[in-house]
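Novice: First the structure, then my questions, so here it is.
The values are calculated or read from the model by the stated rules, or taken from the named source; none is laboratory data. In this text the structure is predicted, and so the values were computed from the model without any measurement. Cβ coordinates were reconstructed from backbone atoms using ideal geometry, including for glycine residues, and neighbour counts include every protein chain displayed.
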Amino acid sequence: MKKLYLLMILLSSFLLNHAQSDWGSVNFDDSTWVNFIFFDTVSNPENIWQIGSPGKANFDEALSLPNAIVTDTINPYPVNDTSTFLIRYITPDPPLGDWEETGCNFVYKIDADLNDDFGRMEFSTDQGETWIDYLTDTLYNYCITFNNSFSFTGSSSQWQYFYLVLNPQSYCFDLQPGDTLWYRFTFISDENYSGKDGWMIDNIQLWDVYEGLEYNKTNSVIKAFPNPAKDYVEFKVQSSELEVGSEIRVKNVMGEKVTRLPVKSERTVWDCRDAKEGIYFYSIQSGEWRLNGKIIVTH
């Protein structure tokens with residue numbers, strides 16, 4: 001633990017001078033990941049995590065071709081192994097409005113002996129001195145949100161989606177602009193050889209949400225429900241300042257436009273049945289004010 005903590009301090013010192021604070025999205029198909037992802041070869045010099053084009057029995061293709069991060073791109077995972085990689089995210093300077101959430105999402109496949117061999121994801125807000133396992137934590141459980149339909153053990157033939165959302169505010173993790181947030185991914189195997197592929201991850205995205213962003217003071221309010229949503233989202237806009245032609249814009253975590261919804265009354269409905277599972281951001285602007293929010297779509 002002391003060796004790993006020292007490694008974290010050295011990496012953070014280097015990155016303060018060499019990396020941008022906006023992590024964004026990585027699909028491992030270019031060199032974007034180099035400044036943000038690190039393999040822990042201190043705890044395990046034989047770390048099996050690799051980035052490349054998978055060529056295994058079950059892991060034969062990345063989601064975003066050609067590369068993904070995999071527990072060895074070719075060979076089955078070995079016995080008695082504990083391999084870890086880390087993601088570093090420097091929290092950004094927030095614009096006007098309240099910094100409500102910071103989050104991470106990704107897609108994955110798992111191929112491991114059920115419950116005996118498994119993956120684990122943790123995070124740290126204090127440079128790796130303390131690691132929080134969101135699945136077993138009881139101290140901060142009201143500050144953490146994640147989708148329940150996931151498993152980092154057993155086998156999945158289809159790509160699975162996972163998201164983790166943290167509350168950065170003072171009564172939770174008390175994150176400040178410029179603080180470093182670390183995510184740790186670990187795959188663990190027991191003494192029994194399985195011949196299976198392990199864990200493969202692709203399209204990792206880190207993001208932040210600012211609620212109630214205003215250019216000028218306004219008494220306008222927008223609410224979205226249900227949230228999480230399955231088939232439909234209803235937006236309720238309460239405003240005496242709404243201009244003709246106003247619309248609600250929905251984007252994905254990549255910032256890509258998903259839909260635009262004209263606001264013709266107090267209630268506006270988005271049919272999200274064809275939307276992929278994940279996190280979406282919505283905004284409405286009218287004149288000199290704008291309001292933002294977040295929706296989670298699950299099917």
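Novice: I need a count of the residues in the stretch 166-186 that are touching a residue at least 60 places away in the same chain (Cβ under 8 Å) and either crowded, with 18+ Cβ neighbours inside 10 Å or among the aromatic types (Phe, Trp, Tyr) (or both).
Specialist: Number satisfying all stated conditions: 11.
Novice: One residue is enough: does the stretch 146-165 have a residue meeting the conditions over 23 Å from LEU63 (Cα atoms), surrounded by fewer than 20 Cβ atoms within 10 Å (Cβ to Cβ) and assigned by TED's automatic domain parsing to the domain that holds LYS56?
Specialist: no
Novice: Considering each of PHE185, PHE150 in turn, give the residue that is assigned to a strand (DSSP E or B) and under 27 Å from PRO54 (Cα atoms).
Specialist: That would be PHE185, the only listed residue that is assigned to a strand (DSSP E or B) and under 27 Å from PRO54 (Cα atoms).
Novice: Which ones in the stretch 57-80 are among the charged types (D, E, K, R) and in contact with a Pro (Cβ under 8 Å, 6 or more places away or on another chain)?
Specialist: Hits for the stretch 57-80 are ASP60, GLU61.
Novice: Do any strands (runs of 3 or more DSSP E) entirely within the stretch 1-94 hold 1 or more residues that are modelled with pLDDT of 95 or more, surrounded by 15 or more Cβ atoms within 10 Å (Cβ to Cβ) and out of contact with any strand residue (DSSP E or B) (no Cβ under 6 Å at 6 or more places or on another chain), and if so, which?
Specialist: Correct list: 49-52.
Novice: Taking the condition part of a loop (DSSP other than H, G, I, E, B) and touching a strand residue (DSSP E or B) at 6+ places or on another chain (Cβ under 9 Å), does THR130 pass?
Specialist: Considered against the rule, which asks whether it is part of a loop (DSSP other than H, G, I, E, B) and touching a strand residue (DSSP E or B) at 6+ places or on another chain (Cβ under 9 Å), THR130 comes out as yes.
Novice: Then there's this: I'd like the residue in the stretch 274-291 that is within 19 Å of the chain's Cα centre (by Cα) and in a strand (DSSP E or B) and, out of all such residues, is farthest from ASN147 (Cα to Cα).
Specialist: Here the answer is TYR282.
Novice: List every residue pair whose Cβ atoms sit under 7 Å apart, with the two residues 6 or more apart in sequence or on different chains, where the first one lies in the stretch 54-72 and is of a type in the set (S, T, N, Q) and the second, anywhere, is part of a loop (DSSP other than H, G, I, E, B).
Specialist: Every condition considered, the pairs that remain are ASN58/ASP197; SER64/ASN27; SER64/ASP29; ASN67/PHE28; ASN67/ASP29; ASN67/SER53; THR71/ILE48; THR71/TYR77.
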